[in-house]
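Participant: Just passing along the structure, written as structure tokens.
The values are calculated or read from the model by the stated rules, or taken from the named source; none is laboratory data. On a predicted model such as this, the values are computed, not experimentally measured, just so you know. So basically every Cβ, Gly included, is an ideal-geometry build from the backbone, and we count neighbours across all protein chains shown. Protein only, heavy atoms only, side chains kept; ligands, DNA and RNA dropped before computing areas. Shrake-Rupley method; radii C 1.70, N 1.55, O 1.52, S 1.80 Å.
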Amino acid sequence: MINCEKASTICNKKQYKEATLLEQIQLGFHLLYCKACAAFSRKNKKLTILCDKANLHILSEQEKEQMKEKIDHNI
């Protein structure tokens with residue numbers, strides 16, 4: 001059996017489709033008896049769905065540098 005720390009790591013990996021089949025099975029068994037991790041998993045899934053719906057845009061490194069330059073010039 002896995003502990004809660006390992007379960008949360010697998011839960012996060014599963015969110016990004018990086019968890020192996022064995023890890024997903026281990027997580028499933030852990031969630032059967034650990035209500036705290038089951039709640040975390042449900043909330044994590046909801047957060048992922050909301051982020052997908054929000055259509056978030058991540059800045060490229062170039063865009064970040066341009067913003068830093070603008071800030072430096074305004075200071």
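Participant: Accessible area per residue of region 4-74 at 1.4 Å probe, in Å²?
Facilitator: Ligands and nucleic acids excluded, the figure is 84 Å² per residue.
Participant: For helix 61-74, what angle does its Cα long axis make with the longest principal axis of the chain, in degrees from 0 to 90 and rounded to 10?
Facilitator: Long axis of 61-74 versus the principal axis of the chain: about 50 degrees.
Participant: Report, to the nearest 10°, how far helix 35-54 tilts away from the longest principal axis of the Cα atoms in the chain, using its own Cα long axis and a range of 0 to 90°.
Facilitator: Between helix and principal axis, roughly 40 degrees.
Participant: Another question, if that's okay. With no solvent and one equal point scatterer per Cα, compute the Debye intensity ratio I(q)/I(0) for the chain at 0.14, 0.15, 0.16 Å⁻¹ and report its log10, rounded to two decimals.
Facilitator: -0.59, -0.63, -0.66
Participant: For helix 21-33, what angle does its Cα long axis make with the longest principal axis of the chain, in degrees from 0 to 90 and rounded to 10?
Facilitator: That helix lies at roughly 70 degrees to the long axis.
Participant: Right, next: Take the alpha carbon atoms of region 44-60, find their center, do the same for region 1-30, and report the distance between the two centers in whole angstrom.
Facilitator: If you average the Cα positions of each part, the centres end up 21 Å apart.
Participant: For a quick protection proxy, order the peptides 39-45, 15-21, 55-61 by their average other-Cβ count within 10 Å, most packed first.
Facilitator: Ranked by mean Cβ neighbours within 10 Å, highest first: 39-45, 15-21, 55-61.
Participant: State the extension gain, in nm to one decimal, for the chain segment bounded by Glu69 and Lys13, taking 0.36 nm per residue of separation less the distance between their alpha-carbons.
Facilitator: Value of the extension gain: 16.7 nm.
Participant: Report, in deg cm²/dmol and to the nearest 500, the calculated mean residue ellipticity at 222 nm for the chain, where each DSSP H run with n ≥ 4 adds -39500 (n - 2.57) and the sum is divided by the residue count.
Facilitator: My calculation for the chain gives -25500 deg cm²/dmol from helical runs alone.
Participant: Right, something else. Could you look at the chain and say what percent of its accessible area is carbon and sulfur, using a 1.4 Å probe and all protein chains?
Facilitator: 60 percent
Participant: Moving on to the next point. Excluding same-chain pairs closer than 8 in sequence, count the lysine pairs in the chain whose Cα atoms lie under 25 Å apart.
Facilitator: Value for the chain: 27.
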